[in-house]
Amino acid sequence: MKIRLRDNSIRYRLDKTDIEQLQATGKTTSDTKIGTGALHFCIRGKTVTAPLIKMEPDGIHLVLPLSQLDAWYVPDQVGFELVFPNPDGSQLKVLVEKDFKCLSPREEDDSQAFDNPMNGKNC
């Protein structure tokens, strides 16, 4: 899972392995070790009526309705955006999407990424 934090937004990019794990076990996680601690990110599917996000002492937990995830697993569905109100009146924007292979080579393993729909097209 790739995570990008920017101001009041979080972008989750899940590869094939992450999505298979989410479908099979109901959750997928990513941990980043920092010194003696770790920052933990978790996406979990549950029988809830609405998405929710929680800041825990060890990281961020995103809970999504199973019906929303089932609709997203369809091959042509790239992602979806969520907006959560914060107590101070601001909003947290969350984007959950499938991770596509880069169009230009990088020093990054994208063997589990989805085929990029722009591959072979003029961009």
Note to self: Can you list residue pairs whose Cβ atoms sit under 8 Å apart, with the first residue in the stretch 32-51 being under 22 Å from residue 67 (Cβ atoms) and the second being part of a loop (DSSP other than H, G, I, E, B)? Count only pairs 6 or more apart in sequence or on different chains.
What the structure shows: 43/1; 44/26; 45/26; 46/26
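Of all residues in the stretch 87-108, which are more than 20 Å from residue 60 (Cβ to Cβ) and either in contact with a strand residue (DSSP E or B) (Cβ under 6 Å, 6 or more places away or on another chain) or modelled with pLDDT of 95 or more (or both)? If you could, list the steps in order and put the result at the bottom.
At the first step, the residues of the stretch 87-108 found to be more than 20 Å from residue 60 (Cβ to Cβ) are 89, 100-108.
Listed by number, the residues that qualify are 89, 100.
Here's the yes/no breakdown for (1) more than 19 Å from residue 1 (Cα to Cα); (2) in contact with a strand residue (DSSP E or B) (Cβ under 8 Å, 6 or more places away or on another chain); (3) at pLDDT 95 or above:
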site: 71; (1), (2), (3): yes, no, no
site: 74; (1), (2), (3): no, no, no
site: 79; (1), (2), (3): no, yes, no
site: 85; (1), (2), (3): yes, yes, yes
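Assess whether residue 53 counts as being modelled with pLDDT of 90 or more, touching a helix residue (DSSP H, G or I) at 6+ places or on another chain (Cβ under 7 Å) and not charged (D, E, K, R). Write out each step before concluding.
Details: modelled with pLDDT of 90 or more: yes; touching a helix residue (DSSP H, G or I) at 6+ places or on another chain (Cβ under 7 Å): no; not charged (D, E, K, R): yes.
Taking the combined requirement at face value, the residue does not satisfy it.
The values are calculated or read from the model by the stated rules, or taken from the named source; none is laboratory data. Small disclaimer: the values here were computed from a predicted structure and weren't measured. Here Cβ is always computed from backbone atoms with ideal geometry, including for glycine, and neighbour counts include all displayed protein chains.
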